[in-house]
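Everything on this sheet refers to the single structure shown next.
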Amino acid sequence: IERYPWPLGAACGLLLLGLLSGVLSGLVGVGGGVVIVPGLEVVLGAGDLLAKGTSLLTMVPTSVSGTVANLRRRAVDLRVGLTVGITAAVCSPGGAVLARLVDPQVGTWLFAAFLVVVAVIVLSRGRRREPQADVSDGAAA
């Protein structure tokens, strides 16, 4: 990855990547792994480990901003969020160690397979379920 200053094309690409990630994060709850990692690989030519690590950093401001907006809408289950978040924070360093042990090509295939599995699950659930209740009833707070 080039250091500062970025060429105009790379800077514009990063801004567009941030715009896309922010909109998709707020709209459907995705961003880092689905948008930013592949985007950094394409826009800046970043390697997979650097793209994944940088993506994790972008999650901090995005998570704070999204959480505040969802708290205002009463669309956050604090107990579930904190339980999953703390567990993930404790386990994440182990995942980072594993990432360095796995061949980058294998990691890319595993990541792609994971995205396909998630897409199939989401699409199949979407076809079978009735729409969820609107969060404005306060049930999700």
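The values are calculated or read from the model by the stated rules, or taken from the named source; none is laboratory data. Bear in mind that the values here come from a model prediction, so they are computed numbers and not experimental data. Here the Cβ positions follow ideal geometry from the backbone for every residue, glycine too, while neighbour counts run over all protein chains shown. The protein model used for the area step is the full one, side chains on, heavy atoms only, and it has no ligands, DNA or RNA in it. Shrake-Rupley method; radii C 1.70, N 1.55, O 1.52, S 1.80 Å.
Okay, here's what the table says:
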item: Pairs with Cβ under 9 Å, 6+ apart, first in region 33-59 and on the phi > 0 side of the Ramachandran plot, second of a type in the set (A, V, I, L, M) and open to solvent by 40 Å² or more (accessible area, probe 1.4 Å); result: GLY45/ILE1
item: Residues of region 24-41 satisfying the condition of being open to solvent by 40 Å² or more (accessible area, probe 1.4 Å), closer than 18 Å to VAL60 by Cβ, assigned to a helix (DSSP H, G or I) and among the hydrophobic types (A, V, I, L, M, F, W, C); result: LEU24, VAL34
item: Candidate set: region 54-108, residues that are under 20 Å from LEU40 (Cβ atoms) and of a type in the set (D, E, K, R); chosen: the one nearest to the chain's Cα centre (by Cα); result: ARG100
item: Filtered residue count, region 42-68, keeping only those that are farther than 20 Å from ALA10 by Cα and open to solvent by less than 50 Å² (accessible area, probe 1.4 Å); result: 1
item: Selection status of ARG129, of a type in the set (Lys, Arg) and modelled with pLDDT of 90 or more; result: no
item: Residue check, ALA46 modelled with pLDDT under 90, assigned to a loop (DSSP other than H, G, I, E, B) and either basic (Lys, Arg) or over 16 Å from the mean Cα position of the chain (by Cα) (or both); result: yes
item: Candidates ALA88, ALA75, ALA119 - the one that is at pLDDT below 90, surrounded by 10 or more Cβ atoms within 10 Å (Cβ to Cβ) and of a type in the set (Gly, Ala, Ser); result: ALA119
item: Residues satisfying the stated conditions in region 55-94, i.e. part of a helix (DSSP H, G or I) and of a type in the set (Val, Ile, Thr); result: THR58, VAL60, THR62, VAL64, THR67, VAL68, VAL80, THR83, VAL84, ILE86, THR87, VAL90
